[in-house]
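Participant: Supplied in structure tokens, the structure appears directly below.
The values are calculated or read from the model by the stated rules, or taken from the named source; none is laboratory data. This one's a predicted model, so the numbers in the text were calculated from it and none came from an experiment. Quick reminder, even Gly has a Cβ in these numbers, built from the backbone with ideal geometry, and neighbours come from all protein chains shown. Just so you know, the surface numbers come from the protein's heavy atoms only, side chains and all, with ligands and any DNA or RNA stripped out. Shrake-Rupley method; radii C 1.70, N 1.55, O 1.52, S 1.80 Å.
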Amino acid sequence: MAEKKNYYDVLGISKTASQDEIKSAYRKLAKQYHPDFHPGDAAAAEKFKEINEANAVLSDEDKRRQYDYELEHPGMGGFGGGGNPFAGGFGGFEDIISSVFGGSPFGGGDTRRASRGADIEQTINLSFLDAIKGCTKEINYMRNEPCPACSGTGAKGGTAFKKCVRCGGSGRVKFQQDTIFGRTIQVGACPDCNGTGKQITDKCNDCKGKGYLRKETRFTVNIPAGVDKDSSLRKRGFGQAAGNGGESGDLYVYFRIEPHKLLRREDKDLYITVPISYKTAVLGGKIQVAGIDDVQELTVPEGTASGTRFCLRGKGVRTVNGTGNLYVTVEIDIPSRLSREQSKKLDEYESGIPLKSCDNMQKYANNISALYGKKIEKQ
């Protein structure tokens, strides 16, 4: 028997993870292994499928409880009152069968549910500023839309059905199988009616009984300000049609954001590195810093070291969780080439500055003297 997958390991979370942590881990991994970013990569596609499978179980509280019990009690096949799969009669076991096959194998009520259509995922390319400021984008894709003539049932007028002969309308049939351990009986969806309990007597003329029509879907989506690469939007009912009158799947929109030439983003904060002259670093002055909408002015104090970071508060990304900051790192831009005359003037300038005026060099000279007993000058 194949070893059961550990869905917690698949998502890289602990068994005590909250629903928010599960959602965050899923979004991050789904974005990382999304097929759009790995075209033709079978391994990435399989990983993406595994991530979705893990999320489908762990994000549903009932399925998660069942899964946790099966992890702790391999082979028991379910959970019930007090942790015992058979406690309180067949209650726990019956619930599991119902969730898998749409009803109880032991009779009592028609609890069939129509299957749900598959979800669709689309990726939209955004510029750096569009993601920060928000925009509208037109999206179009092909999908199976519910047939309007039969309301997605596949039957003419949406009502041309009869009770399935094979399953008697229950939607379930028993399958017998002989194995090395003996004869087993399983209950599964009826193959004649696909578990619906009904068979079409007169097919819809428009969709020929499929319940859906292949069409292009086109609409405008409003992208809110502040979306990031881990963000996604969901539009209910815009996925694939179920094809049997069931609920259509959802559309998930992900974002691929182009980098900015100067700015770097981390959540709602922005970062930039600005080169400054040696004179500005020593004497101080005002510098121009690229921002979201315009250039910002920053005052650099005298004696600023290369690599010093400043903060322009409230000049970052505005989101529903607040507005971030713009962090500015200044780096002294050292000239790569000097003329003979410039080199001479630099020598004269350096010779006129005593060592004690240069804090870092003086500190270094003192450490050399203490460690090695040698005295050094400026270097």
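Participant: Ignoring GluC sites (Glu not before Pro) that are buried or in helix or strand per DSSP, and keeping those with at most 12 other beta carbon atoms within 10 Å, what is the longest stretch of the chain between them?
Facilitator: 4-301
Participant: In degrees from 0 to 90, rounded to the nearest 10, what is the angle of the helix 91-101 Cα long axis to the longest principal axis of the chain?
Facilitator: Taking Cα atoms only, the helix is inclined about 80 degrees.
Participant: Moving on to the next point. Leaving ligands, DNA and RNA out of it, rank ILE132, ILE257 by accessible area with a 1.4 Å probe, largest first.
Facilitator: Final ranking, largest accessible area leading: ILE257, ILE132.
Participant: Assign unit charges at the C-beta atoms only (+1 for Lys and Arg, -1 for Asp and Glu), then state the dipole size of the chain relative to its Cα centre in Debye, rounded to the nearest 20.
Facilitator: Result for the chain is approximately 620 debye, rounded to the nearest 20.
Participant: Using a 1.4 Å probe on the protein heavy atoms only, what accessible surface does ASP202 show? Give it in Å² to the nearest 10.
Facilitator: Counting only protein heavy atoms, ASP202 exposes about 70 Å² to solvent.
Participant: Around PRO148, with a cut-off of 15 angstrom between Cβ atoms, what is the net charge of the other residues, counting Lys and Arg +1 and Asp and Glu -1?
Facilitator: +4
Participant: Here's another thing I want to ask about it. Averaged per residue, what accessible area in Å² does the chain show with a 1.4 Å probe, protein chains only?
Facilitator: 63
Participant: Okay, moving on. In segment 134-232, if the dipole is taken from +1 on Lys/Arg beta carbons and -1 on Asp/Glu beta carbons about the Cα centre, which of ALA189, PHE175, GLY209 is farthest to the positive end?
Facilitator: With unit charges placed on the Cβ atoms, the residue in question is PHE175.
Participant: Answer with one residue from ILE276, GLY243, GLY291: the one whose Cα lies farthest towards the positive end of the charge dipole of segment 182-311, charges on Cβ with Lys, Arg +1 and Asp, Glu -1.
Facilitator: GLY243
Participant: Now for a separate question. Name the residues whose placed amide hydrogens come within less than 5 Å of the amide hydrogen of CYS147, ignoring near sequence neighbours (fewer than 5 apart) on the same chain.
Facilitator: Residues meeting the amide H criterion: GLY152, TYR212, LEU213.
Participant: Further, regarding this structure: Along segment 311-320, what does the Karplus equation 6.51 cos²θ - 1.76 cosθ + 1.60 (θ = phi - 60°) give for ³J(HN,Hα), rounded to whole Hz, x for Gly and Pro?
Facilitator: 10, 9, 5, x, 9, x, 8, 8, 10, 5
Participant: Sticking with this one: Tally Lys and Arg at +1 and Asp and Glu at -1 over the other residues with C-beta under 13 Å from the C-beta of GLN288: what net charge comes out?
Facilitator: Neighbour charge sum, excluding GLN288 itself: -1.
Participant: Helix 42-58 versus the longest principal axis of the chain: what angle, 0 to 90°, nearest 10, using Cα atoms?
Facilitator: Relative to the chain, helix 42-58 is tipped by roughly 70 degrees.
Participant: From the phi angles alone, apply the Karplus equation (6.51, -1.76, 1.60; θ = phi - 60°) to segment 254-270 and give each ³J(HN,Hα) in whole Hz, x where the residue is Gly or Pro.
Facilitator: Coupling constants for segment 254-270: 10, 10, 10, 9, 6, x, 8, 5, 10, 8, 10, 10, 9, 6, 9, 9, 10 Hz.
Participant: A further question follows. Quick one: how many Å² of TYR271 are accessible to a 1.4 Å probe, rounded to 10?
Facilitator: Only protein atoms counted, so the area is about 40 Å².
Participant: Whose amide H sits under 5 Å from the amide H of GLY245, counting only residues 5 or more places off or on another chain, with H placed in the peptide plane?
Facilitator: Distant-sequence amide H within range of GLY245: THR153.
Participant: Considering only DSSP beta bridges with both partners in the chain, what is the antiparallel share in %, to the nearest 5?
Facilitator: Roughly 75 percent of the beta bridges in the chain run antiparallel, per DSSP.
Participant: Would you grab the residues whose amide H sits under 5 Å from the one on LEU270? Only those 5+ places off in sequence or on another chain, please, with H modelled 1.01 Å from N.
Facilitator: Hits under the 5 Å cutoff: VAL317, ASN325, LEU326, TYR327.
Participant: Tell me what the chain gives for mean residue ellipticity at 222 nm when only DSSP H runs of n ≥ 4 count, each as -39,500 (n - 2.57), the sum divided by the residue total, rounded to 500 deg cm²/dmol.
Facilitator: Only helices count here, giving -7500 deg cm²/dmol.
Participant: Can I ask one more? Let me check I've understood the local charge: for ASP130, count other residues with C-beta under 10 angstrom from its C-beta, Lys and Arg +1, Asp and Glu -1. What total comes out?
Facilitator: That works out to +1.
Participant: Right, another one. Report PHE48's accessible area, 1.4 Å probe, all protein chains in place, as a number in Å² to the nearest 10.
Facilitator: 20
Participant: Once each part is reduced to its C-alpha centroid, what is the distance from segment 122-174 to segment 321-360 in angstrom?
Facilitator: Between the Cα centres of segment 122-174 and segment 321-360 lies a distance of 64 Å.
Participant: Which FRET efficiency value, to the nearest 0.05, do you get for LYS174 and LYS49 by plugging their Cβ-Cβ distance into 1/(1 + (r/R0)^6) with R0 = 25 Å?
Facilitator: That gives a FRET efficiency of 0.25.
Participant: Counting other Cβ atoms within 10 Å of each Cβ, which trypsin sites (Lys or Arg not before Pro) in segment 227-265 have at most 12 and sit in a DSSP loop?
Facilitator: ARG236, LYS261
Participant: Apply the Karplus curve 6.51 cos²θ - 1.76 cosθ + 1.60, θ = phi - 60°, to the phi angles in segment 28-33 and return the couplings in whole Hz, x for Gly and Pro.
Facilitator: 5, 6, 4, 5, 5, 10
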